[in-house]
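Written out below as structure tokens is the structure these notes cover.
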């Protein structure tokens, strides 16, 4: 007898004794879990789900939590100041062994349902939310015999505050730091707030300055990766 189950957005054809690698489940090694999304049962009496087979389930024992093979992504942007990035990722998986296939009675088995970690986090978040606050009581209706309240006289107009003096304009215009690779309006604003307004300043950065700005602005190696210092030297020379 075999079954086709669905978990983690994928379908698996299994039978008792099979070892599977599925998307990470919210279960520890040694636990027994049950998959209730069964699309088909095969054997002497095959059954097709519409879309699921009612009452059917697949039970399995969690062996361990493992990682899939490493997947490497490479991105390169063809621009005036080109940039490239390489990243690796290893997907977390759950290794389990199929122990039993139930054609009926899944709801009475008492085995923990197999759910993904993302679904478990959402359920835990919803369970821990604040209870809905009761609405405010409606205001009591005004008495008929009550005299209407007199309108209060408007308060005297407050004096207008003196206009703040405008700060003196900078003697030198700031450079457009967005010409550097990977610098947008938000990043340019952070640099300006840190006192960096010209290409000449960036071109003169030392290793200590690079480490300081990496830590201060959470750049995480962007300055060296994007080659800001070399770009700043070129742009500063073009301005002269």
Next item on the list: Within segment 45-62, work out how many residues are part of a loop (DSSP other than H, G, I, E, B) and under 32 Å from the mean Cα position of the chain (by Cα).
Entry: 2
Next item on the list: Scan segment 50-70 and give yes if some residue there is within 30 Å of residue 223 (Cα to Cα) and without any contact (Cβ under 8 Å) to a residue 24 or more places away in the chain, otherwise no.
Entry: yes
Check: Restricting the search to segment 200-223, which residues are at pLDDT below 80 and either under 16 Å from residue 178 (Cβ atoms) or in contact with a strand residue (DSSP E or B) (Cβ under 6 Å, 6 or more places away or on another chain) (or both)?
Finding: 217, 219, 222, 223
Note to self: Can you say whether residue 110 is surrounded by fewer than 10 Cβ atoms within 10 Å (Cβ to Cβ), modelled with pLDDT under 60 and over 30 Å from residue 74 (Cα atoms), as far as the supplied structure shows?
What the structure shows: no
Next item on the list: Examine segment 84-98 for a residue that is in a loop (DSSP other than H, G, I, E, B), touching a strand residue (DSSP E or B) at 6+ places or on another chain (Cβ under 8 Å) and outside the structural domain of residue 183 (by TED's automatic domain parsing), and state whether such a residue exists.
Entry: yes
Note to self: I'd like to verify a number: residues in segment 1-25 that are in contact (Cβ under 8 Å) with a residue 24 or more places away in the chain, under 30 Å from the mean Cα position of the chain (by Cα) and under 16 Å from residue 59 (Cβ atoms), how many?
What the structure shows: 6
Checklist line | Which numbered condition residue 104 fails, given (1) surrounded by 12 or more Cβ atoms within 10 Å (Cβ to Cβ); (2) in contact with a strand residue (DSSP E or B) (Cβ under 8 Å, 6 or more places away or on another chain) | finding: (2)
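The values are calculated or read from the model by the stated rules, or taken from the named source; none is laboratory data. Note that the coordinates shown come from a computational prediction; the quantities given were computed from them, not determined experimentally. Heads up, the Cβs are rebuilt from the backbone with ideal geometry, glycines too, and the neighbour counts pull from every protein chain shown.
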